[in-house]
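The values are calculated or read from the model by the stated rules, or taken from the named source; none is laboratory data. For clarity, every value in this text was computed on a predicted model and none was experimentally measured. All Cβ positions, even for glycine, are placed from backbone atoms using ideal geometry, and neighbour counts span all protein chains on display. Note: areas computed on protein heavy atoms with side chains; ligands, DNA, RNA excluded. Shrake-Rupley method; radii C 1.70, N 1.55, O 1.52, S 1.80 Å.
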Protein chains: 2
Amino acid sequence: MTTTADSTNREKRRFRVVGTRPIRHDGVDKVTGRAKFGIDTQVAGLLCGAILRSPHAHARIRKIDASKAEALPGVKAVMTARDLPEKPDQHENFWEVLANVDALARNMMARDKVLFKGHAVAAVAAINPHVADEALGLIEIEYETLPHVIDVRAAMEPGAPILHDDLRTQGGAQDATADAPTNVANHIQFALGDVAKGFKEADAIVERSFQTKSVHQGYIEPSNSTASWSADGYLTIWKSTQAPFIVRQQVALILRIPVSSIRIVPMEIGGGFGGKVNTDIDPITAILSKKTGQPVKIVLNRSEVFEGTGPAPCAHNTVKIGATKDGKITAVEATLVYGAGAFPGGGAGGGAMTALSPYKIENVKIDGYDVVLNTPWTAAYRAPGVPQAAHATEQVIDELAQKLEMDPMELRLKNVTRPGDRQVTGIPFPSMGIAEVEEAMLRHPHYRAPLGGPNRGRGAAMGYWGNHGMHSSATIAVNSNGTISLITGSVDIGGSRPVLAIQAAEVLGIDVEDIRPSVGDTDSVGYTSVTGGSRTAHDTGIAVIQASEEVIRRMRDRAALLWETQAEDVAFQDGLFVSKTDSGDRLTFKELAAKLLVTGGPVSASASVEPKSIGPSASGMIVDVEVDPETGKVDVLRATIFQDAGKAAHPSYVEGQMQGGATQGLGWGLNEEYFFDESGAMVNSSFLDYRMPITMDLPMIEPVVVEVPSPGHPFGLRGVGESSIVSPMAAVSNAISRATGVRMEHLPLSPRYILERTAQVGESAG
Amino acid sequence: MTTTADSTNREKRRFRVVGTRPIRHDGVDKVTGRAKFGIDTQVAGLLCGAILRSPHAHARIRKIDASKAEALPGVKAVMTARDLPEKPDQHENFWEVLANVDALARNMMARDKVLFKGHAVAAVAAINPHVADEALGLIEIEYETLPHVIDVRAAMEPGAPILHDDLRTQGGAQDATADAPTNVANHIQFALGDVAKGFKEADAIVERSFQTKSVHQGYIEPSNSTASWSADGYLTIWKSTQAPFIVRQQVALILRIPVSSIRIVPMEIGGGFGGKVNTDIDPITAILSKKTGQPVKIVLNRSEVFEGTGPAPCAHNTVKIGATKDGKITAVEATLVYGAGAFPGGGAGGGAMTALSPYKIENVKIDGYDVVLNTPWTAAYRAPGVPQAAHATEQVIDELAQKLEMDPMELRLKNVTRPGDRQVTGIPFPSMGIAEVEEAMLRHPHYRAPLGGPNRGRGAAMGYWGNHGMHSSATIAVNSNGTISLITGSVDIGGSRPVLAIQAAEVLGIDVEDIRPSVGDTDSVGYTSVTGGSRTAHDTGIAVIQASEEVIRRMRDRAALLWETQAEDVAFQDGLFVSKTDSGDRLTFKELAAKLLVTGGPVSASASVEPKSIGPSASGMIVDVEVDPETGKVDVLRATIFQDAGKAAHPSYVEGQMQGGATQGLGWGLNEEYFFDESGAMVNSSFLDYRMPITMDLPMIEPVVVEVPSPGHPFGLRGVGESSIVSPMAAVSNAISRATGVRMEHLPLSPRYILERTAQVGESAG
């Protein structure tokens, strides 16, 4: 694993702590089992909850009779959607909810119709899981089954089964009948220049359609929630979540109670990847707790996680790109259709805005559609919407390079976007390092290394993710031995404790080991948005830096007091408070910390921030594969992932994010898929049948960190969590296409698909 | 229960929230069992710890053989003092440890000598309490018993058994042999004027000696500690404590590890009263956890609480007061001797400094002594040291009034101290309300009400407690619905959540119910000293007020942003942000809170303070008793407790403190005592035999709140937690003396003592 500093990073800043690799504070706890996850929550009188789910993909609920279940000894309560308010409260500020709360409520528990197999319809609380399970079997539900649709194109056809009678979308595929119900939940369009003219100028044009399937984030720890609703109406929820404050707001709206009567305690989290941003089953455990007067815990099993939580959308994307002989792209036209699952949502926005970011294009038209289907409602999954789109665009670019007989990386660099260039939204790009990443890829030995055998191919692809700044808060309290407590509201998923501690240490002039970072609950820290959107190290980092600077200001006042001078006469540099007078007075941070209690009391400081710019992150992958021509099996021989981290605060965790994203992208590309039967039931909802990559499936993935500092962060950090998942699906598709000579149009690139596809193309060519 | 505002409180300030009586935030949790106390701590792999204690009051430990215990199946570890560092680390700042840490360590577990019956000598960790108990019985200890001493006067005699060979005290009773070991741990003297001259001027002199016994704070929840020492050396301790940061520092020093590697999680506390300030068994659970690699919990049983934790000192106090015919006190001489228990400590300082505070005296000499004994090491108990001294001084004043044939309250008022008068330390009194309390007592109907029967008597006495400001921190985070999270490090014993919320609400212009107060652990809040010293509502209150004011400053900036004006042009008054321009712009706190996320992000603020002045609190009691001349049994007929609260932030909790202190003082006076047999063993170490007052023992105690605002607090608060325990022992003694015609010299005023005393005085008179 190597890190190459980017040569274009001209202005080198020296850091004392940023860029080092200290051991994470929660490491030992997590490997020894001392860390407490949601499932570890134990409170007195705890009941066990369980959820009954629809066996049908689409059906009207005629009647629910829970009387037999309620009569079962050991059952304490049964609930259905009738126990929830009819409608959630309205809320104006999207950034506080990050979701369609109405859909969240109806997805959590079906009211009149079930919209997918696995849709929750009732829940019980009982004295133990056996009684709870038995009770589920005693709930009698009368369904009127309805025709269902699980394919995006079929769902857009006139006459398709309609999921939501009240759904209307202007400019949808059924635009002519915009006043009639549709399954198209959203249509977004970006258009610049004159596409027809652009294609006219092209010497080569490639147009192709691609299909990708729904995949799950695959977090190890299943979704869980323990709720305790006290007699005074105060609700405490312990759970695995990426976003305790968001969940608090969503639960408040769904249950129509004030946020201030809810406390969300974020436990350690066993993976989220975007899938644990929203409230999932909390209103269910809450209502069961309210009904029983006891705390209630629900932990989903793996099938429920697959069938009842949100995977990434499937997609059907068509991309057409034209270029001149010398490789200048003249026009792009794309239609991106995402399967949102049971409720409006999906990935069209992210895909349409971002997939073409690596290319400077004058004439472009992109249409994005989100389409509802009788499948689980989709959720965010690392760079939501973009990998599906990049899977299409980056293959068409590769094919175009083949057609033009150019090196595909050279084609990319020829058209590369740079800061100030126009995005498809018309807004100029901020500082970002697509060109630097592409140069690093071209320069890397992997790109030119011999493949060393037959049936092998090398593919490359680019990725880009804009990132988004959100709210963060941090509090610092100084201990008298010169250590500090660092309190934030950011759930630690990928090492944010050390990464935030590094930033505090850099400002305060102390060691990372002298910092105890902790994650507060919603009652005990300032408002902090999701750990997601690649924003935590960046946004919460800025809050930490500001709180640290305030600590220094307050300590400078103390030094001035001690030295009988003015604060302006005290400098702080390299961890040392120094008098600017000729007194020779100087104190280290630790020395001064020891004197705080006797010079006016302890020092603490809080900061809350809303960074506007978080710094987009470009990425790219080079991958070598060997395809077994007899079985279609793909071996990944070598994989290198490149990413612009701005500045890698803790290189190991940046590399870890890159390797993780690359691994998930390769899994998405090669193995993973939601496999539905004709009835709309997912038939592979276990980790045995839903095949995620394991260590034996992949080589060591080499991460190459490129550093183009972001001007929006004092140390130059960019968000690094998501971008790395964007390119692998296209990269491995390109590699297989090169190895087999056949362009791959579907995911996953399973042996069966590769054999069928190569046979089919061979036939049509023959 | 009535509250009378003091008539001398001339400058009346209007408050919106301060002075109201909202329901405490933790009330429902505490009455429904949802609140989590130390004993409720559950962590995976928890072991049960138990402590072996000395059967001897004084003995040398020759040998400890734990091999049989260690061999018992289910025993995971045995520890002795050898497993602790030989000596604690040194620490300079007393205010961060509040104790003699060396003694804490040796009290926690005996190293070479046991110094009292119940002194811990070894501990085990086992899979369950039965195995742990059995293991204790298998630990073989060879003791060499030594002569012991449990009486303060005997301990000061030449030739008394010596507890600590290295103890030397200048000016002790054995001053002539100041180079020889002594049991006198401390001698303090205050002298003003010319005492001999003062007594010469007196027309009447009363001199008398009094004895009080050790009593326990009697908190309902026994001491407990659960420790988890992780493989990376990070120690977490969940416990019932008044002072998590103090305990953290003490544990760090005793174990010689940095404070930053320790996290103390203060659970809800079932009473402390000064007895849960210091670490007690935490290093034991910590070492057992370190040895076993598993978390270990120890909960003391009631006998262990009595015999192994710190009660209040016993005392033998002699007071001589002279006055002129017209009631002017001319001189006071006092010798206060406190039994500190097994290690240096005790109450001489508090007693000597404070007991004479109600009286303006020109000629005074007070000698205070703390004496070590072979009894449990004493600890703080509400106004530590003062009730014992006031028991003596307030009876001598009463007797002097009898001699002068004056009303004792009029004698007091004639000599009353006022702000600016000199204390015995020579330092002038700050603002305080002794005179106002005395006037309120004289004015109260109780003072003149007919006694209504024979064998009845009325007694009055004064109390005073100086209070002490210490460090506190508070953090406030604003929610978008206009509610706030209020985070402090002050453990909530007597209602500090609502009392702190009241102060925030007053500044912020919101309701107390819109505030969620929470108590952080040592990793998650700014440094905050003990909940004790009557300081929490006052000191942490000031931190809360400062943080609230900072919130208002930051929100004013936002209002200015919204109104496109300057912060100086925005006023905040009565919960309203108002533009000073003629724009007519105005927003309530809640309205502006809803706009924070879109005007620069959330708002939070922290403050840390070290108030110098906390405002002393004067108090007094009037009590009526009836003494059964045949049995000596005392019935308390009526009791009224008066106290200067400065300003009662939440009158119900002030009244509760007053009633609680009065009840404890009456228990101390009438029933409670550590009763030792000749071997030095406490023979009444259970709640059956150690008789604390229950509701049937006492009438409703009427609290009268006097309000003389303290200038050191923005709303005029004074610390109210301790002062009310100072007067009851003297008041009830005075009442019994009046009822029986015989001056009482001992506590408790048990039926047996009263019969013996009245018979003895009757005899000598007859």
Quiz item: At a Förster distance of 35 Å, what's the computed FRET efficiency of residue A:761 paired with residue A:421, Cβ-Cβ distance as r, to 0.05?
Solution: 0.45
Exercise. Compute the label zone of residue A:142 within the range A:58-85: residues whose backbone N is under 19 Å from the point 7 Å along Cα-to-Cβ.
Key: A:58-70, A:80-82
Exercise. Provide a whole-number value for the mean count of partner chain Cβ atoms within 10 Å of the Cβ atoms in peptide B:523-536.
Key: 4
Quiz item: Hey, for residue A:129 with labels 7 Å out along Cα-Cβ, what do the inter-copy distances come to in nm, ordered shortest first?
Solution: 3.0
Self-check item: Dmax and Rg, reported as Rg then Dmax, of chain A (C-alpha, Å)
Solution: 27.2, 92
Quiz item: What is the antiparallel percent of DSSP beta bridges lying wholly in the protein assembly as shown, to the nearest 5?
Solution: 75
Exercise. Using θ = phi - 60° and the Karplus relation 6.51 cos²θ - 1.76 cosθ + 1.60, list the HN-Hα couplings for the range B:151-168 in order, rounded to whole Hz, with x at every Gly or Pro.
Key: 10, 4, 6, 4, 5, 8, 5, x, x, 5, x, 9, 7, 10, 4, 9, 7, 10
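Once you keep just the Cα pairs under 8 angstrom separated by 6 or more residues, what percentage relative contact order results for the range A:407-480?
Relative contact order comes out at 23 percent.
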Practice problem: Using Cα positions and a limit of under 24 Å, work out the lysines in reach of residue B:117, with same-chain residues fewer than 8 apart set aside. | Solution: B:63, B:68, B:87, B:213, B:276, B:297
Quiz item: Can you run phi through the Karplus equation (6.51, -1.76, 1.60; θ = phi - 60°) for the range A:489-494 and list ³J(HN,Hα) in whole Hz, with x for Gly and Pro?
Solution: x, 8, 4, 8, 9, x
Self-check item: Label point distance in nm, residue B:89-residue B:231, each placed 7 Å from Cα along Cα→Cβ
Solution: 2.5
Quiz prompt | Modelled FRET efficiency - R0 35 Å, residue B:133 with residue A:687, Cβ distances, 0.05 increments | solution = 0.15
Quiz item: Roughly speaking, what is the centre-to-centre gap between the range A:511-581 and the range B:269-342 when only Cα atoms are used, to the nearest Å?
Solution: 40
Quiz item: residue B:121's amide H: which non-local residues (gap 5+, or another chain) put their own amide H closer than 5 Å, with H modeled 1.01 Å from N in plane and none for Pro or chain starts?
Solution: B:52, B:53, B:54, B:110
Quiz item: Using the Kyte-Doolittle scale, which helices in chain B average at least 0.0 and also have C-alpha atoms spread 20 Å or more along the helix axis, with helices defined as whole DSSP H runs?
Solution: B:541-562
Exercise. Sketch the reach of a paramagnetic label on residue A:208 as a point 7 Å from Cα along Cα-to-Cβ, and name the residues of the range A:403-431 whose backbone nitrogen lies under 15 Å away.
Key: A:403-406, A:408-409
Quiz item: Accessible surface of residue A:506 in the full protein assembly, 1.4 angstrom probe, to the nearest 10 Å²?
Solution: 30
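For the pairing of chain B with chain A, what total accessible surface becomes buried, with a 1.4 angstrom probe, in square angstrom to the nearest 100?
4200
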Quiz item: So what is the accessible area of the range A:469-609 per residue, in Å², with the probe set to 1.4 Å?
Solution: 28
Quiz item: In terms of modelled amide H atoms, which long-range or inter-chain residues lie less than 5 Å from the amide H of residue B:464?
Solution: B:619
Exercise. Report the paramagnetic label zone for residue A:16: residues of the range A:535-573 whose backbone N is under 13 Å from a point 7 Å from Cα along the Cα-to-Cβ axis.
Key: A:552, A:572-573
Quiz prompt | Antiparallel content of DSSP bridges confined to chain A, in %, to 5 | solution = 75
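Can you give the helix-only mean residue ellipticity at 222 nm for chain B, where every DSSP H stretch with n ≥ 4 adds -39500 (n - 2.57) and the sum goes over all residues, rounded to the nearest 500 deg cm²/dmol?
It lands at -8000 deg cm²/dmol.
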Quiz item: About the Cα centre of chain A, what is the dipole size in debye to 20, counting +1 per Lys and Arg Cβ and -1 per Asp and Glu Cβ, all else neutral?
Solution: 700
Practice problem: List the distances, in nm and shortest first, from the label point of residue A:201 to the matching label points in every other copy, placing each point 7 Å from Cα along the Cα-to-Cβ direction. | Solution: 10.9
Self-check item: Pairwise label distance in nanometres, residue B:102 with residue B:180, each label 7 Å out on the Cα-Cβ vector
Solution: 2.3
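Can you give the FRET efficiency for residue B:197 and residue B:410, using 1/(1 + (r/R0)^6), R0 = 35 Å, r = Cβ-Cβ distance, to the nearest 0.05?
For R0 = 35 Å, the calculated efficiency reads 0.85.
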Exercise. Could you list which residues have their amide H under 5 Å from that of residue A:263, counting only those 5 or more apart in sequence or on another chain, with H placed in the peptide plane?
Key: A:235, A:236, A:237
Self-check item: Backbone HN-Hα couplings from phi across the range A:89-100 [Karplus 6.51/-1.76/1.60, Hz, Gly and Pro as x]
Solution: 4, 7, 8, 7, 8, 4, 5, 8, 10, 6, 6, 7
